[in-house]
Amino acid sequence: MKIVIVDDEKNIRNGLTDMLNLYCHDVEIMGTCGSVREAVDTITTTKPDLVLLDIRIEGGSGFDVITALGNNMPMVIFITAYEDYAIKAFKYNAIDYLVKPIDPDELEVAIEKASGRLSKEDHSLLLNSLQQALCSQNLPEKLVLKTQESIHVVKIEDIIYCMSDGSYTHIITGDQKIVVSRLIKEYAELLKEHHFIRIHQSYLINMNKIVRYNKEGYVHLENSTSLPVAARRKEQFLNELERYFK
């Protein structure tokens, strides 16, 4: 795999170069860059398979590089300092990213995941969704879900519940079930501001979709699904229910 590294910090570029050479097999570093102009020129000339791209670089941002290259932009893994709003945007939009300081194991996993993955059209969709999310100051209204077969863009308000299945999560809407390779606890954290609540180790529900809760400990949802509320979560669930609907 041919790789270009784009970061305006020389020590980061050197560190990534060393880690890629030490921990990642079958990679060839085509160049390292510190600015938008240099990145566009290097990517155009070397035609890499993957770019490790910092969001904030000299002369603009990583998105300026993406815009300049258009359809010629290769696969991207973003590099970022820890900024809560940016990390959330990555998660909502299913984009791969590495947080500084970069962990060699996480780098290795990200490179392996990037091998032979998305089509150009799907990757372009992810990048466009991410850019819109980063520009918006509002709570995201949509969630991008990557499966092995395709990419789904789902309105969060349409999600009825999520079900855990080991290292996978089933996302259930009114008309489809989407299976993604992410833990349910990630969605519990991501969707809590949208009034989703964990009622069971296996279930995360949209409180807007609740029809009723019965004394037997089951919550009934809009799609006629009944799900159990775990005993240890019952008090929290009832408190949230009262607070939300009063």
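Each value in this text was obtained by applying a stated rule to the coordinates, not by laboratory testing. Treat the numbers as computed from the prediction; the structure is a model and nothing was measured. Using ideal geometry, Cβ is built from the backbone for each residue, glycine included, and neighbour counts are taken over all protein chains shown.
D for region 67-191, whole µm²/s, Stokes-Einstein with Kirkwood Rh over alpha-carbon pairs at 37 °C and 0.692 mPa s: what number? Result for D is 212 µm²/s.
Return one number: the angle in degrees, 0 to 90 and rounded to the nearest 10, between the long axis of the Cα atoms of helix 36-46 and the longest principal axis of the Cα atoms of the chain. Between the helix axis and the principal axis of the chain, the angle is about 80 degrees.
The helix-only estimate of mean residue ellipticity at 222 nm for the chain, built from DSSP H runs of length n ≥ 4 each weighted as -39500 (n - 2.57), is -11000 deg cm²/dmol after division by the residue total. Pairs over the 24 Å Cα-Cα cut-off, from the set LYS146/LYS192; LYS177/LYS215; LYS2/LYS113; LYS88/LYS142; LYS91/LYS192: LYS177/LYS215.
Each of ASP105, ASP26, ASP54 has some number of other Cβ atoms within 10 Å of its Cβ, and from fewest to most they run ASP26, ASP105, ASP54.
Computed about the Cα centre, the dipole magnitude for the chain is approximately 1060 debye when only Lys and Arg (+1) and Asp and Glu (-1) carry charge, each at its Cβ. Here the 3J(HN,Hα) profile of region 52-59, calculated from phi with Karplus coefficients 6.51, -1.76 and 1.60 at θ = phi - 60°, is 8, 10, 6, 5, 10, 9, 4, x Hz, Gly and Pro shown as x. Helix 120-135 against the longest principal axis of the chain: what's the angle in degrees, Cα atoms only, rounded to the nearest 10? The answer is roughly 70 degrees. Counting Lys and Arg as +1 and Asp and Glu as -1 over every other residue whose Cβ lies under 11 Å from the Cβ of ILE3, the net charge comes to -2.
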